[in-house]
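Note sheet for the following structure.
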Amino acid sequence: MAVAWYEIVRDVLKRHDVSLVTYVPDNVLRPLIEAIHADPFFTAFACTREEEALGIGAGAYMGGLRGILLMQTSGFATLPNVLASLSVPFGIPTLMMVSERGTLGEFNIGQQLVARTMRPVLDALNIESHTMTRLDEAEFILDRALVQAFATMAPCCFILSPLLTGGKIFAK
Amino acid sequence: MTALANHPANRDSAKTMNRYDIAKRMVGLLHRDEAVIGGIGYTNFDLWAASDSPHGRRPQNFYMLGSMGLAVPIALGVAIAQPHRKVFALEGDGSVLMQLGSLSTVAARAPKNLCIVIMDNGAYQITGGQLTATAHGADIVGIAQASGLAQSAWAADEDAFVELAGLALTEDGPWLIGCRIDNEKPKDTTERDPARIRDGFMRGLGSGQAGGRGSA
């Protein structure tokens, strides 16, 4: 039986004891959000802003609880200041999962433009990032990157390509 | 809720108190290793100053060096991670105005162990005293109540603050205490080594270095 990308994500997060999931929702992330809410292992809730979701995750980490932040591409664009002033200098392994908009069939010009800022910001802050495109690589990437993020106390961003998720389809 | 019947003060009637004095009184009430998250600016500086003692500086404090507005979210995260520890967020009016949505998130999660203390002088004092919206009538306690934080009150004076903070330490939260404060300069400035601040805080919370550098 085929395993879906979001089931792989859910299972690898559990294996690494990442139980707090803070998010600003997105249609592409919806099956993952639903799978996480359906599993009592996780504490998951929506936040009003991505910065807030990051702050909650940072506090939880310092209190001994691992978490991940889910958002869409435009939400990531609200984070550079808090990544540069909280996660990176304090050595907090902020985990981010971003559903990639702005490419491979984008229909919203704002999404297309803001998406261009994501990888330059990650590179400028020297934050590890992985664009996930293939189902057969998903588990390996997530598993190894989570080990590294916690061992080196460094943030990590997983960019979920439409090649993996199907993305958001243009519908008139 | 009934306890707040004794605290009917509004922003206009609340006494203008001193930031350092309030921080000192708050720290003086903390005897069970409660966590305190300091937002940026003079609020943070006076928390630092108030947390020194002949026995050293209390290690359960976290000091932000940027990330304006995130004291409440960080405190919520600590409160979720350690539900048996009381957690305080100490934040300025300008900072909380930047992240008002976090008040409704706190209300939705309803952590029993979280108390938010707002130091409101109606100004972005560290940048030159420009007025914030609270100087024009925005009421943080009213905003908090409307966000779902029913146990929110202005401290009418220093004694009322101590009583409210005492309630937050003994009764289920979440709580929010509004303090009107003056424009006096802070007593000191925080250290600026983020790795040290984080490491000290985590050790103070008993969660230091789990899975981190040095364990491999």
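The values are calculated or read from the model by the stated rules, or taken from the named source; none is laboratory data. For clarity, every value in this text was computed on a predicted model and none was experimentally measured. When we count neighbours, we look across all protein chains shown, and the Cβ atoms used for this are built from the backbone with ideal geometry, even at glycine.
Name, by its number, the condition in (1) at negative phi; (2) surrounded by 15 or more Cβ atoms within 10 Å (Cβ to Cβ) that does not hold for A:Gly91.
A:Gly91 satisfies every listed condition except (1).
Taking the condition within 16 Å of the chain's Cα centre (by Cα) and at pLDDT 95 or above, does A:Asp143 pass?
On the way: within 16 Å of the chain's Cα centre (by Cα): yes; at pLDDT 95 or above: yes.
Yes: the conditions hold for A:Asp143.
Every residue in region B:44-75 that is over 21 Å from A:Pro89 (Cβ atoms) and assigned to a helix (DSSP H, G or I), please.
Once the filter is applied, which keeps residues that are over 21 Å from A:Pro89 (Cβ atoms) and assigned to a helix (DSSP H, G or I), region B:44-75 yields B:Asp46, B:Ala49, B:Ala50.
Which pairs have Cβ atoms under 6 Å, sit 6 or more apart or on different chains, and link a residue in region B:37-61 that is farther than 14 Å from B:Asp188 by Cα to one that is among the β-branched types (Val, Ile, Thr) and assigned to a helix (DSSP H, G or I)?
Here the result reads B:Ile37/B:Ile74, each pair linking region B:37-61 to a residue that is among the β-branched types (Val, Ile, Thr) and assigned to a helix (DSSP H, G or I).
Quick one: in region B:1-29, of everything that is free of Cβ contacts under 8 Å to residues at least 60 places away in the same chain and closer than 30 Å to A:Tyr61 by Cβ, which residue is farthest from the chain's Cα centre (by Cα)?
Here the answer is B:Gly28.
Using the structure shown, decide if B:Arg85 is over 17 Å from B:Trp175 (Cα atoms) and not acidic (Asp, Glu).
Values: over 17 Å from B:Trp175 (Cα atoms): no; not acidic (Asp, Glu): yes.
No.
Would region A:63-75 turn up any residue that is over 14 Å from the mean Cα position of the chain (by Cα), over 21 Å from A:Ala124 (Cα atoms) and of a type in the set (Gly, Ala, Ser)? Let's see the steps before the verdict.
Our first condition is that a residue be over 14 Å from the mean Cα position of the chain (by Cα); within region A:63-75, this holds for A:63-65.
Now drop any that are not over 21 Å from A:Ala124 (Cα atoms), which leaves A:63-65.
Keeping just the survivors that are of a type in the set (Gly, Ala, Ser) gives A:63-64.
Looking for residues that are over 14 Å from the mean Cα position of the chain (by Cα), over 21 Å from A:Ala124 (Cα atoms) and of a type in the set (Gly, Ala, Ser), one finds at least one in region A:63-75, hence yes.
Inspect all residues belonging to region B:45-60 and state whether any of them is surrounded by 16 or more Cβ atoms within 10 Å (Cβ to Cβ) and under 11 Å from the mean Cα position of the chain (by Cα).
Yes, the conditions are met somewhere in region B:45-60.
When you go through B:Ile177, B:Ile140, B:Ile197 one by one, which is the residue that is out of contact with any Cys (no Cβ under 9 Å at 6 or more places or on another chain) and within 30 Å of B:Ala5 (Cα to Cα)? It would help to see each step written out before you state the result.
Details: B:Ile177 fails: out of contact with any Cys (no Cβ under 9 Å at 6 or more places or on another chain); B:Ile197 fails: within 30 Å of B:Ala5 (Cα to Cα).
None of the others qualify; the one that does is B:Ile140.
Within region B:114-148, count every residue that is out of contact with any Pro (no Cβ under 6 Å at 6 or more places or on another chain) and buried (at least 16 other Cβ atoms within 10 Å of the Cβ).
Let us first name the residues in region B:114-148 that are out of contact with any Pro (no Cβ under 6 Å at 6 or more places or on another chain), namely B:115-148.
Of the ones still in play, those that are also buried (at least 16 other Cβ atoms within 10 Å of the Cβ) are B:115-126, B:132, B:134, B:138-141, B:143-145, B:147.
Count: 22.
If we keep just the residues of region B:88-106 that are in a helix (DSSP H, G or I) and within 11 Å of another protein chain (Cβ to nearest Cβ), which is farthest from B:Arg180 (Cα to Cα)?
If we take residues in region B:88-106 being in a helix (DSSP H, G or I) and within 11 Å of another protein chain (Cβ to nearest Cβ), then B:Thr105 is farthest from B:Arg180 (Cα to Cα).
Looking only at residues that are at the interface with another protein chain (Cβ under 7 Å from one of its Cβ atoms) and of a type outside the set (A, V, I, L, M) in region A:58-80, which one is nearest to A:Val21 (Cα to Cα)? Don't jump to the end; show me each part of the working.
Going through region A:58-80, the residues at the interface with another protein chain (Cβ under 7 Å from one of its Cβ atoms) turn out to be A:58-60, A:62-65.
Narrowing further to those that are of a type outside the set (A, V, I, L, M): A:59, A:63-64.
Values: A:Gly59: 13, A:Gly63: 15, A:Gly64: 14 Å.
Here the answer is A:Gly59.
Which one is farthest from the other protein chains (Cβ to nearest Cβ), of the residues in region A:88-102 that are out of contact with any strand residue (DSSP E or B) (no Cβ under 9 Å at 6 or more places or on another chain) and touching a residue at least 60 places away in the same chain (Cβ under 8 Å)?
A:Val88
Can you find even one residue in region A:18-25 that is among the hydroxyl-bearing types (Ser, Thr, Tyr) and farther than 30 Å from B:Asp199 by Cβ? Explain how you work it out, then say what you get.
Filtering region A:18-25 for residues among the hydroxyl-bearing types (Ser, Thr, Tyr) gives A:19, A:22-23.
Next, from what is left, pick out any that are farther than 30 Å from B:Asp199 by Cβ: none.
No, that holds for no residue.
So, in region A:42-57, how many residues would count as being more than 7 Å from chain B (Cβ to nearest Cβ) and surrounded by 16 or more Cβ atoms within 10 Å (Cβ to Cβ)?
The first filter runs over region A:42-57 and keeps only residues more than 7 Å from chain B (Cβ to nearest Cβ), leaving A:42, A:44, A:46, A:50, A:53-54.
When the remaining residues are screened for being surrounded by 16 or more Cβ atoms within 10 Å (Cβ to Cβ), the result is A:42, A:44, A:50, A:53-54.
Result for region A:42-57: 5.
Within the group A:Asp26, A:Asp39, which residue is crowded, with 18+ Cβ neighbours inside 10 Å and charged (D, E, K, R)?
Values: A:Asp39 fails: crowded, with 18+ Cβ neighbours inside 10 Å.
Within the list A:Asp26, A:Asp39, the selection yields A:Asp26.
Which residues, counting only those in region A:12-51, are farther than 26 Å from B:Ser104 by Cβ, charged (D, E, K, R) and touching a residue at least 60 places away in the same chain (Cβ under 8 Å)?
A:Arg15 - this is the single residue of region A:12-51 that is farther than 26 Å from B:Ser104 by Cβ, charged (D, E, K, R) and touching a residue at least 60 places away in the same chain (Cβ under 8 Å).
Taking the condition of being free of Cβ contacts under 8 Å to residues at least 40 places away in the same chain and in contact with a helix residue (DSSP H, G or I) (Cβ under 7 Å, 6 or more places away or on another chain), how many residues in region A:111-127 meet it?
The number of residues fulfilling the criteria is 1.
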